[in-house]
1. Pick from Phe172, Phe128: which is touching a residue at least 40 places away in the same chain (Cβ under 8 Å), surrounded by fewer than 19 Cβ atoms within 10 Å (Cβ to Cβ), among the aromatic types (Phe, Trp, Tyr) and more than 30 Å from Pro106 (Cα to Cα)?
2. Among the residues in region 244-259, are any surrounded by 24 or more Cβ atoms within 10 Å (Cβ to Cβ), among the small types (Gly, Ala, Ser), out of contact with any strand residue (DSSP E or B) (no Cβ under 8 Å at 6 or more places or on another chain) and more than 18 Å from Cys142 (Cα to Cα)?
3. So, in region 191-212, of the ones that are aliphatic (A, V, I, L, M) and in contact with a helix residue (DSSP H, G or I) (Cβ under 6 Å, 6 or more places away or on another chain), which residue ends up nearest to Asn162 (Cα to Cα)?
4. Which one of the conditions (1) surrounded by 17 or more Cβ atoms within 10 Å (Cβ to Cβ); (2) part of a loop (DSSP other than H, G, I, E, B); (3) not polar (S, T, N, Q) does Asp59 fail to meet, given that it meets all the rest?
5. So which residues in region 62-74 are in contact (Cβ under 8 Å) with a residue 12 or more places away in the chain and surrounded by fewer than 17 Cβ atoms within 10 Å (Cβ to Cβ), if there are any at all?
6. Given the residues Gly174, Gly189, Gly193, Gly130, which is the only one that is under 30 Å from Gly33 (Cα atoms) and of a type in the set (Gly, Ala, Ser)?
7. Can you tell me which residue within region 62-109, out of those that are in contact with a Lys or Arg (Cβ under 7 Å, 6 or more places away or on another chain) and closer than 19 Å to Leu44 by Cα, is modelled with the highest pLDDT?
Amino acid sequence: MALNLPTFYKRTGSAIVFAAIMLTGLLWENDLGFLGLMGIIEVLCLRDYFRLMQKINPDNYWPKWVPVAVQLFGLLFFILIVLGTFNLHGFEGVRYVVTILIFIMPVSLLLAGALSEKIALNAVIQSFGGLLYITLPTILLCELRLQNLVLPIALILMIWSNDTFAYLVGSFIGKHSFSPISPNKTWEGVIGGALLTIIGAGIYGYFAHSYRLVDWMVFALCATVAGTLGDLLESKLKRVAGVKDSGTLMPGHGGALDRFDSLLVAAPFAYVYAAYFMH
């Protein structure tokens, strides 16, 4: 696979702007900046997820209010968890209102799907799958930040590093296709990206004193392996939906779900390792 310079330049320029926005939210001293960033990511990814689901199941009847309601429910659930976890003062009233809505909204949606002659019940149930796929990982990223400010930043940087190295290595020496789901990926690129990212994490771990060197390398392993699987999962959804990108948010990168597909799958694995083994 030869290196396509115009595509590389467009992707790089778009990625630089995107990285600047992301790092601003990640490095913001106030927790509200990070939580706001995660909330925006969740809503944008849920929007792209619904676009794919509606293309995958065009026969299902999806009233316009169903995706909006589930996105709202996901955002409220996110707010409830992070308000309780981060103990943000001055938001007690909001917490009570959100708690009530959390119990009312899913029951109302499921009843609407079960009792309505028009709305497909499996469409409503499928829409809640997006909460497991998208909302839960964004909450776990907030939990990672609570454990250590560096962890979510490191996870995102490792995924970016893996993607970049895999693209470059695959472009120059890639010959063997990794998966029919994503024909542009090669075994050489996947392995090269993972190894270089893990080595980089090891170098950082050698000089850092917050965790052991092996912890950073295993953390990088979570980012590379689970991140690659997350990319394949979203590629599979797009293939079934018959689209190239989940959206048009970023030139050269597609939609929000295209950009965060690896992070969404890597976050639960990274959280479990960090919560139980990194101390």
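1. Phe172
2. Yes, some residue in region 244-259 is surrounded by 24 or more Cβ atoms within 10 Å (Cβ to Cβ), among the small types (Gly, Ala, Ser), out of contact with any strand residue (DSSP E or B) (no Cβ under 8 Å at 6 or more places or on another chain) and more than 18 Å from Cys142 (Cα to Cα).
3. Ala194
4. Tallying (1) surrounded by 17 or more Cβ atoms within 10 Å (Cβ to Cβ); (2) part of a loop (DSSP other than H, G, I, E, B); (3) not polar (S, T, N, Q), Asp59 fails exactly one: (1).
5. Pro63, Leu72
6. So the residue among Gly174, Gly189, Gly193, Gly130 that is under 30 Å from Gly33 (Cα atoms) and of a type in the set (Gly, Ala, Ser) is Gly130.
7. Restricting to residues being in contact with a Lys or Arg (Cβ under 7 Å, 6 or more places away or on another chain) and closer than 19 Å to Leu44 by Cα, the top hit is Gln71.
Listed here are the residues, each with its yes/no results for (1) more than 18 Å from the chain's Cα centre (by Cα); (2) at pLDDT below 75; (3) of a type outside the set (Asp, Glu); (4) not in a helix (DSSP H, G or I).
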position	(1), (2), (3), (4)
Ala2	yes, yes, yes, yes
Pro6	yes, yes, yes, no
Tyr9	yes, yes, yes, no
Thr24	no, no, yes, no
Glu29	yes, yes, no, yes
Phe34	no, no, yes, no
Arg51	no, no, yes, no
Lys55	yes, no, yes, no
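The values are calculated or read from the model by the stated rules, or taken from the named source; none is laboratory data. Note that the structure is predicted; figures quoted are calculated from it, not measured. Cβ: placed from backbone, ideal geometry, glycine included. Neighbour counts: every protein chain shown.
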